[in-house]
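Any read-out appearing in this document is the output of simple, stated calculations on the displayed coordinates, not a laboratory observation. Here the structure is a predicted model, which is why all the values come from computation and not from measurement. Here Cβ is always computed from backbone atoms with ideal geometry, including for glycine, and neighbour counts include all displayed protein chains.
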Amino acid sequence: MQVGLIGIGAMGGPMAVNLCQAGFDLAVYDVNEEAVRRLTAQGATAAATPKELAKVSEVVITMLPNFQIVSSVMEGTDGVLSGIRDGSLVIDMSTVAPYQARAMAAQAAQRGAAYLDAPVSGGVAGAKQGTLTIMVGGSDETVDRAMPIFGVLGRKVYRVGDVGSGAAIKLVNNLLLGVNTAAVAEALVLGVKAGLNPRVLLDVIRSSSGDSYALKAKADVFILEGKFEPGFAIDLQYKDLELAAQTGKELGVPLFMTGLAQQLFEQARAAGLGSKDISAVIKPLEKLIGVEVRG
Ligand code: NAD
């Protein structure tokens, strides 16, 4: 199967490697030339533009930072939609809002292409290991077409409803990730200020009721080591909380915790930490209190 993948960064890069290794005929496009070189060394073909990529692909996947960038690679004279073959399939695996996914699906349909929104969870480790959780919005028939690809990229694939539903469930998930990560940061700072050894603190919480994915994934590898390279960048988490907040406004749902967490990530961005891992949300809090959670 001829597949094109646009956006070969922290997530799309390892996903592309897995598709190459699984024997897909893969074309890639990215504005980062170094990322493209890494993939051509693995057997992928470099496309000159999104349009050229679409011309040689039965399935076009996008894995990009936000919807503005997804739109910019889809639309315009060099965009995917101007080169798309009739009957092709477009899968956006980026995290976007449900209304954005529906709008892009409508544009794809006008060009005779099927569309799925299929955001993922599992982080860079899951992308590398091919164990992502994939949340798909679209028809059963279209999801079936994509299953050979999803089977390589993920371990669990859920069809959660029509186009836009994958995006909706991803926003709910990432609302929880943002809120929980901010809570982990606040709690660890309090614990260390209270004189506790961070390792003892973590050991006890891990076998107690305060444990969470955020604590497991972020405390040892990032916070205690003082290594904040993403991972999942603060700018992306901030975007996801904003998408959740927008969706809440659209639907009339107050999101108190989302607002608080977003302000903490805003504070981290203001401190110049936007490109760091979300665990770096702890750093302004550490500075404020005058402690460091390291061990
Ligand atoms: P990233 O910034 O590491 O990668 C994005 C890639 O897109 C980069 O290689 C960049 O050069 C490329 N790009 C940017 N603008 C472009 C353009 N105009 N044309 C072509 N390429 C362009 O981001 P990421 O962490 O891989 O995240 C990608 C998406 O996946 C985001 O929507 C994010 O919210 C979501 N996501 C990320 C994680 C994670 O842990 N990093 C987990 C789940 C979902």
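Worth a mention:
- Based on Cα contacts under 8 Å between residues 6+ apart, segment 154-295 shows a relative contact order of 36 percent.
- Fluctuation leader among Ile278, Ile69, Ile205 - the chain, Gaussian network, Cα springs under 10 angstrom: Ile205
- Amide H contacts of Val90 (H built 1.01 Å from N, under 5 Å, at least 5 apart or other chain): Val60, Ala114, Tyr115, Leu116
- Taking the C-alpha atoms of segment 204-295, convex hull volume expressed per residue in Å³: 113 Å³
- Relative contact order of segment 103-185, pairs being alpha-carbon contacts under 8 Å that are 6 or more residues apart, as %: 29 percent
- When only Cα pairs below 8 angstrom with a gap of at least 6 residues are kept, the chain shows a relative contact order of 14 percent.
- Mean projected area of the convex hull spanned by the Cα atoms of segment 72-216, taken over all viewing directions: 10.8 nm².
- When you count the other C-beta atoms within 10 angstrom of each residue and take the mean per peptide, 222-228, 288-294 line up highest first as 222-228, 288-294.
- In the chain, Rg over Rh equals 1.00, where Rg is the alpha-carbon radius of gyration and Rh the Kirkwood radius from pairwise Cα distances.
- Whole-Hz Karplus values for segment 229-239 come out as 6, x, x, 10, 6, 4, 4, 6, 4, 4, 4 Hz, taken residue by residue from phi with 6.51 cos²θ - 1.76 cosθ + 1.60 and θ = phi - 60°; glycine and proline positions read x.
- Multiplying the residue separation of Ala109 and Val204 by 0.36 nm and subtracting their alpha-carbon distance yields 28.9 nm.
- Förster radius 41 Å - calculated FRET efficiency between Thr77 and Tyr213 (Cβ-Cβ, nearest 0.05): 0.40
- Helix-derived mean residue ellipticity, 222 nm - over the chain, DSSP H n ≥ 4, -39500 (n - 2.57), to 500: -16000 deg cm²/dmol
- The phi-based Karplus calculation (6.51 cos²θ - 1.76 cosθ + 1.60; θ = phi - 60°) puts the 3J(HN,Hα) values of segment 280-295 at 5, 4, 6, 5, x, 5, 4, 5, 4, 8, x, 10, 10, 8, 10, x Hz, whole numbers, x for Gly and Pro.
- GNM flexibility winner over the chain from Val124, Val143, Val221 (Cα, springs under 10 Å): Val221
- Summed over all non-identical Cα pairs, the Kirkwood treatment of segment 137-249 gives a radius of 16.5 Å.
- DSSP-loop GluC sites (Glu not before Pro) across segment 5-81, with at most 12 other Cβ within 10 angstrom: none
- Remark on Gly161: its backbone amide H falls under 5 Å from those of Gly138, a criterion applied only to residues 5 or more positions apart or on other chains, H modelled at 1.01 Å from N.
- For Thr45, nonlocal amide neighbours, meaning residues 5 or more places apart or on other chains whose placed amide H falls under 5 Å from its own, are Leu26, Ala27, Val28.
- Between Asn18, Asn173, Asn197, the Gaussian network model of the chain with springs among Cα atoms under 10 angstrom shows the greatest mean-square fluctuation at Asn197.
- For the chain, the number of Lys pairs with C-alpha atoms closer than 16 Å, counting only pairs eight or more positions apart or on separate chains, is 13.
- Computed from the Cβ-Cβ distance with R0 of 41 Å, the FRET efficiency linking Arg85 to Val31 stands at 0.95.
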